[in-house]
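The values are calculated or read from the model by the stated rules, or taken from the named source; none is laboratory data. Because the structure is a prediction, the values reported are computed rather than measured. A quick note on method: Cβ atoms are made from the backbone with ideal geometry, for glycine too, and the neighbour counts reach across all protein chains shown. All accessible areas refer to the heavy atoms of the entire protein, side chains included, with ligands and DNA or RNA removed. Shrake-Rupley method; radii C 1.70, N 1.55, O 1.52, S 1.80 Å.
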Amino acid sequence: MIAAATAVALAASALLPSAAEAASAPAAAPAKACATKWKAKQRVAVRRPGPNDGPVATMRSPIHHHLRKGQVVRSCVVAVARTVSGPAYRACGGEGHVWRIVPGGQVPQSCLKRL
């Protein structure tokens, strides 16, 4: 019984760094802020998914607000709409499945240009 407890203590000490090792280890780097900027190609609606839409907006989702032509927004995350047939949206002269998540909702990626 004592031998088992000693073995567990030795195994735990081998896995965990000592106080001196922990102090000398570099601190974890802080998470980088989102720096990817996108510019609206034209006036476009920012949509929020409706109660029956799931996590990704559709072209029928309620409009939260609009982006003006040339307005710059930050977006580092996308939502991908899975459809059985055809594209999820046709907007701004393009079609696709990828929605950029911007402040206030989601915008079709074809309506944005990366800066």
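I'd like to verify a number: residues in the stretch 71-108 that are out of contact with any His (no Cβ under 9 Å at 6 or more places or on another chain) and open to solvent by 30 Å² or more (accessible area, probe 1.4 Å), how many?
17
Considering only the stretch 19-58, how many residues are at pLDDT 90 or above and open to solvent by 90 Å² or more (accessible area, probe 1.4 Å)?
6
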